[in-house]
Amino acid sequence: MTLAEASDGILAQRAADGDAAAFGVLVRRHGPFFVAFATRLTGSRADADDAVQEALITAWDKLDELADPDSVRAWMLRIVSRKATDRLRSRRPAADIEELELPTSVGGPESQTIAHSQMEALSAALGTLPDEVRTTWLLREVGGYSYDEIAEQTGVPAATVRGRLARARRALLELMEEWR
Amino acid sequence: MSDLEPLARRVDDALRAVDGVVGVYSARPLAARVLHTAFDADAALSSVGEDADGLTVEVSIGVTDAAPSVDTARRAAIAVGEALGGTPASLTVRVSRVVRDAGAAGAVGVA
Amino acid sequence: MDDDGIGGSGYTLDDLSDYLDRGRVPAIPEIDANPECQAVLDSLTRMSAVSKELVDTEAAAVDASWFDAVMREVTREVRAGRDIPLAEDDDVHLVITEGAIRAMVRETGDALPGVIVERTRIVGDVDDAEEGVRVEVAISVAYGQRMRRAADHVRRATADALAKHTPLRIASIDVTVDSLHTFDAEEGER
């Protein structure tokens, strides 16, 4: 068995042990998802690149603190989100939503299936949400984190997380209805 | 210590020529990284400094697993001395990697 | 939104949002039996799925070479660990790093069929030639391989590598079979 086929858990232990090649497999396996996630979160591919690079380097440094090697992906995604939200917070507020480079069309020469246009509609809708609302949605629906985890990451009480999530849902429902 | 840079590069080259040395690495741990900073790919990897006693040299190498590390390290030390025209006041040869099947590109020559 | 809630159920969108996140337990009949509520819940679930798909699709477009730069940064600072003396004259110090030895133990174990090394440790004072150190190796063994034999192989191979490349006195080499793995090319999972 080559490293490329090893499970996340084994790779995480190897990487914590100092094996850069094992870390490299984890990076290439999950990195693209992290970049896409951070791009959605920050609205900027450039910011996402920086956030993910910093997050991966931080992860490499702190791997021996990871208690459950099998959950290394979720653990790394938490670091990515933190770096991405830091970036969001430190950014000057965009005077105009148009300043965000959110991709409003999903790339690729795929045929126009219903699913494809749903993704485009959702993509555009997400772009109209306020930062913290969009972040909460992504962390919950794509990251799969609990209210408490999101609360910890975004630095607000769980009740606020709940409120933001409901707000995201309300907004997205209305927007998606409009575009249907 | 920019005037010692050519010496350090001479040391790098000498190390690469040693039988059993399969990689030369950065001798000094790098300071806090700054992302997007263009690093100097031509900078010497070995470290050559100078104090009252003379030259202080530190090198980091990768060696083949085909020979005992101590033998390769000793050969490396001799090569460094020759490159500098005499044994330095202080020399540390650090084996940072042992590569199986020397010749395989396993060693990451970190610049 | 009227006071009767969505579809006259008495529950608001916020309530449905909570209900969804709770996994719809405990069940609320007024919601489950209400078509408008179900339509909303279905939409929310679908949007969730589409979001994941969206990110996954965009992930597929990220170039693998992007990560080469990160890996260069990462591997700059190899975790060297302690210096272990190889030989010492007055002015010339020949050392091998703990990191080099651990990597070697790792690769030695990996080279054995059905073995993946998970963790390595060198325990003890590496400067004290008398004392001796304990070496701990945790491995994962492929299903179908005999664990005891795999562990013995690892122990022997490790001992040989250490003898060849370090002057350390090895008090013991403890090999633990930490896990088993299957060869699943698709998932790389156990």
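May I ask for the net charge around A:ARG28, where only other residues with Cβ less than 14 Å from the Cβ of A:ARG28 are counted and Lys, Arg are +1 while Asp, Glu are -1?
Numbers: positive: A:ARG29, A:ARG73, C:ARG72; negative: A:GLU5, A:ASP8, C:ASP63, C:ASP68.
Summing Lys and Arg as +1 and Asp and Glu as -1 gives -1.
If I model a spin label as a point 7 Å beyond the Cα along the Cα-Cβ vector, how far apart are those points for C:ASP90 and C:ALA163 in nm?
The modelled label-to-label distance comes out at 3.6 nm.
Set the Förster distance to 41 Å, then compute FRET efficiency between B:ASP101 and A:ARG73 from the Cβ-Cβ distance, nearest 0.05.
E(calc), rounded to 0.05, equals 0.80.
Roughly how large is the B-C contact in terms of buried accessible area, totalled over both chains, probe 1.4 Å, nearest 100 Å²?
About 2300 Å² of accessible surface is lost on pairing.
For peptide B:45-57, compute the average count of partner chain beta-carbon atoms within 10 Å of each residue's beta-carbon.
0
Run the simple label-point estimate for C:ASP21 and A:LEU173 please: 7 Å along Cα→C-beta, distance reported in nm.
1.5 nm
Hey, what number do you get for the protein assembly as shown at 222 nm if only DSSP H runs of n ≥ 4 count, each worth -39500 (n - 2.57), divided across all residues, to the nearest 500?
Working: 16 runs with 230 residues, N = 481.
One gets -15500 deg cm²/dmol as the mean residue ellipticity at 222 nm.
Of the accessible area of the stretch A:1-98, with the probe set at 1.4 angstrom, what percent is carbon plus sulfur?
On the way: 1760 of 3690 Å².
Roughly 48 percent, rounded to a whole number.
On a C-alpha basis, how far is the centre of the stretch A:1-47 from the centre of the stretch C:33-69 in Å? Whole number, if you could?
Going from one Cα centre to the other spans 20 Å.
Could you report the protein assembly as shown's accessible area per residue, 1.4 Å probe, as an integer in Å²?
Per-residue accessible area for the protein assembly as shown comes out at 47 Å².
Can you tell me which of A:9-20, B:84-95, C:11-22, C:80-91 comes out highest on packing, and rank the rest after it, using the mean Cβ neighbours within 10 Å?
The densest-packed peptide leads the list: A:9-20, B:84-95, C:11-22, C:80-91.
First measure r as the distance between the Cβ atoms of B:ALA66 and A:ALA46, then evaluate 1/(1 + (r/R0)^6) with R0 = 56 Å and state the FRET efficiency to the nearest 0.05.
Working from the Cβ atoms, E equals 0.75.
Within 10 Å, Cβ to Cβ, of B:LEU91, how many net charges do the neighbouring residues add up to if Lys/Arg are +1 and Asp/Glu are -1?
Charge balance in the 10 Å sphere: -3.
When Lys and Arg each count +1 and Asp and Glu each count -1, what net charge do the other residues less than 12 Å away from A:ILE79, Cβ to Cβ, add up to? All intermediate terms of the calculation are to be shown ahead of the outcome.
On the way: positive: A:LYS62, A:ARG73, A:ARG78, A:ARG82, A:LYS83; negative: A:GLU54, A:ASP61, A:GLU65, A:ASP86.
My count for the surroundings of A:ILE79 gives +1.
Which one, C:LEU41, C:SER17, C:VAL133, is farthest towards the positive end of the dipole of chain C when Lys and Arg carry +1 and Asp and Glu -1 on their Cβ?
Positive-most Cα among the choices belongs to C:VAL133.
Can you give the average number of partner chain beta-carbon atoms within 10 Å of each beta-carbon in peptide A:52-60, as a whole number?
The shielding value for this peptide is 4.
Report the antiparallel proportion of the DSSP beta bridges in the protein assembly as shown as a percent, rounded to a multiple of 5.
Numbers: 22 of 47 bridges.
Just about 45 percent of them are antiparallel.
Per residue of C:83-89, what is the mean number of Cβ atoms on other protein chains within 10 angstrom of that residue's Cβ?
4
As a test of the definition: with a 1.4 Å probe, what buried accessible area, both sides summed, do you compute for A against C, in Å² to the nearest 100?
5000 Å²
Restricting the count to DSSP beta bridges whose residues both fall in chain C, what percent are antiparallel, rounded to a multiple of 5?
55 percent
For the pair B:ASP3 and C:ARG148, how long in nm is the line joining their label points, each one 7 Å along Cα→Cβ?
Each label point is offset 7 Å from its Cα along the Cβ direction, giving 7.0 nm.
The values are calculated or read from the model by the stated rules, or taken from the named source; none is laboratory data. The structure displayed is predicted, hence computed values, not measured ones. All Cβ positions, glycine included, derive from the backbone under ideal geometry; neighbour counts span all protein chains shown. The protein model used for the area step is the full one, side chains on, heavy atoms only, and it has no ligands, DNA or RNA in it. Shrake-Rupley method; radii C 1.70, N 1.55, O 1.52, S 1.80 Å.
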